[in-house]
Every structure is written in structure tokens, then in C-alpha cells.
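Here it is: the structure, laid out below.
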Amino acid sequence: TWGARLEQIPFLAGRFGQSLAFIGNEQVIVEDEELFRQTNRSASAFLAYPFSRAQRVEMSGAVRNVSFSSERRRRVFSNVTGELLFEEDQDLPAPDGLTYGEVGAALVYDTSVFGATSPILGQRYRLEATPSFGAIKFVGVLADYRRYFMPARPFTLAFRALHYGRYGSGGEDQRISPLFIGYPNLVRGYDVNSF
């Protein structure tokens with residue numbers, strides 16, 4: 001099995017504040033809105049080769065680009081009439097963008113049997129290493145093991161051991177998203193704000 005993917009994912013975060021100030025003798029309302037944009041772009045390809053129905057090896061390669069921008073929009077209103085007196089936009093300092101490549105290899109084993117909503121029997125594991133090179137250098141390491149037991153129908157017990165880490169000089173770079181156990185793609189059923 002093989003495939004390729006092009007993607008662009010924009011992220012937008014912001015902050016809003018409102019305060020009272022004076023321009024001359026007139027009291028005004030000052031609204032400050034700060035926006036931070038991060039845009040992730042990538043081109044990637046992958047290949048999966050099965051050894052059996054349960055075990056396969058996966059290989060991947062990607063080129064990634066992350067760009068950043070930050071701006072402030074200030075609006076000043078009359079506190080008496082509510083009229084917009086003036087508005088200004090200002091570019092704020094933002095981190096330098098980065099471009100890097102990555103290659104990856106994974107050994108995958110999966111004998112899990114799905115029920116109505118999730119696995120109910122079997123096991124699965126994924127052992128993966130993904131070195132990155134270019135503007136930042138690190139190696140992403142993933143070890144994920146899951147085991148599903150059904151001691152009495154319809155109850156299933158699920159056990160999981162997970163390790164995911166970045167190793168190397170760029171693993172802690174502030175420009176890449178920090179590792180967080182609450183990401184939905186790591187633990188199903190939780191959202192980014194769950195923890």
C-alpha cells in the first residue's frame with residue numbers, strides 16, 4: 001500500500017482586552033486584539049508492506065514547513081457616543097519559520113477484533129522512529145502497545161502502554177507543538193482542553 005499527501009493546516013490563537021483611557025479630556029474605550037497565526041504545510045509519502053495479515057512495516061518521508069505571524073489590532077471608541085475614533089494594525093514580532101524533512105520507519109502488529117465502537121479482543125503494537133533534519137534535528141520515538149481482553153461478555157478490559165518522545169537538540173524547540181498526552185490522536189475521547 002502506498003500513498004502521498006499534501007496538507008496545509010492553519011492555527012489561529014488570540015487574546016482580547018478592553019480598557020478605559022483618555023485622549024485629551026475625552027474618555028475612550030480601547031480594544032486590543034492580538035492574533036497569532038501558525039501555518040503548517042507538508043508534502044509526504046508513505047509505503048506499507050505486509051509480512052502477514054497481522055504484521056507490516058511502514059516507511060514514510062515528508063518535507064514540512066511551519067510559518068508564524070503575529071499582529072495587534074487596536075480600536076479606539078468614544079465612551080460617550082460609541083463612535084469609532086481610529087483603528088490601527090501593527091505587526092508584532094513572531095518566531096522565524098522553519099523547514100525540515102523527516103523519514104520514518106515503523107513495525108506494526110495488529111490482531112485486534114473490533115466490536116461496535118472499539119476493539120474487544122486481541123492486541124496491537126507500533127514501534128516507530130522518525131528522524132527529522134534541516135532547520136531542527138530530533139528523533140521522534142513511539143512505542144505503543146495495547147491488549148484487549150473480554151473476561152465476560154459484553155465487557156472488555158483494555159490495557160495500554162505508550163511512550164512518545166523527541167530526542168536530540170531540536171526536540172524541545174519552542175516553535176514546534178509541545179508533546180501533550182491529551183491530544184485526541186494519542187488518547188481517544190479526550191480533547192486538547194481536557195487536561
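The values are calculated or read from the model by the stated rules, or taken from the named source; none is laboratory data. All figures in this text were calculated on a predicted structure; none of them were measured in a lab. Cβ atoms come from the backbone with ideal geometry, glycine included; neighbour counts cover every protein chain shown. When the accessible area is computed, the model is the full protein with side chains, heavy atoms only, and any ligands, DNA or RNA have been set aside. Shrake-Rupley method; radii C 1.70, N 1.55, O 1.52, S 1.80 Å.
Charges at C-beta only: +1 for Lys and Arg, -1 for Asp and Glu. How large is the resulting dipole of the chain about its Cα centre, in Debye rounded to 20?
With Lys and Arg at +1 and Asp and Glu at -1, about 1500 debye.
Continuing with the same structure: Explain nothing, just compute: Karplus ³J(HN,Hα) = 6.51 cos²θ - 1.76 cosθ + 1.60, θ = phi - 60°, for every residue of segment 115-123 in order, whole Hz, x for Gly and Pro.
Here the 3J(HN,Hα) series is x, 5, 10, 6, x, 10, 8, x, 8 Hz.
Next question, about the same structure. Can you work out the FRET efficiency for the pair Phe159 and Val103, with r the C-beta to C-beta distance and R0 = 30 Å, to the nearest 0.05?
Calculated value: 0.45.
Let me ask something additional. Between Ser118, Ser67, Ser44, where does the largest GNM mean-square fluctuation fall for the chain, given springs only between Cα atoms within less than 10 Å?
Residue with maximal mean-square fluctuation among Ser118, Ser67, Ser44: Ser118.
Just to be sure I understand the curve: with the Debye formula and one point per C-alpha of segment 41-83, what is log10 I(q)/I(0) at q = 0.29 Å⁻¹?
-0.99
Roughly how many percent of the accessible protein surface of segment 1-156 is carbon and sulfur, given a 1.4 Å probe and a whole-percent answer?
Carbon-and-sulfur percentage of accessible area, whole number: 57.
Please work out how much length the chain gains when fully extended from Arg147 to Val80, using 0.36 nm per residue of separation minus the C-alpha to C-alpha distance, in nm with one decimal.
Roughly 17.5 nm would be gained on extension.
Still on this model: Only Cα pairs under 8 Å and at least 6 apart count here; give the relative contact order of the chain as a rounded whole percent.
Normalised by residue count, the contact order of the chain is 13 percent.
Then there is this: Between segment 1-62 and segment 87-108, what is the separation of their alpha carbon centroids in Å?
9
Starting from 0.36 nm per residue, how many nanometres of slack lie between Arg5 and Phe51 once their C-alpha separation is accounted for?
Difference between extended and current length: 14.1 nm.
Send over a whole-number figure in Å² for the accessible area per residue of segment 1-109, probe 1.4 Å.
Value returned for segment 1-109: 67 Å² of accessible area per residue.
Put one equal scatterer on each alpha carbon of the chain, apply the Debye formula with no solvent term, and list log10 I(q)/I(0) at q = 0.09, 0.12, 0.14, 0.15 1/Å to two decimals.
-0.56, -0.81, -0.97, -1.05
Among Leu6, Ser44, Leu127, whose Cα sits farthest toward the positive end of the charge dipole of the chain (+1 at Cβ of Lys/Arg, -1 at Cβ of Asp/Glu, about the Cα centre)?
Of Leu6, Ser44, Leu127, it is Leu127.
What does the extension gain come out to for Glu87 and Leu35, with contour length at 0.36 nm per residue minus their alpha carbon separation?
So the chain would gain 17.2 nm between Glu87 and Leu35.
Taking the Cβ of Phe159 as the center, what net charge do the other residues with Cβ under 9 Å away carry, scoring Lys and Arg +1 and Asp and Glu -1?
In short, +3.
Taking R0 as 41 Å, what FRET efficiency do you get between Arg15 and Thr117 from their Cβ-Cβ distance, rounded to the nearest 0.05?
According to the calculation, E is roughly 0.60.
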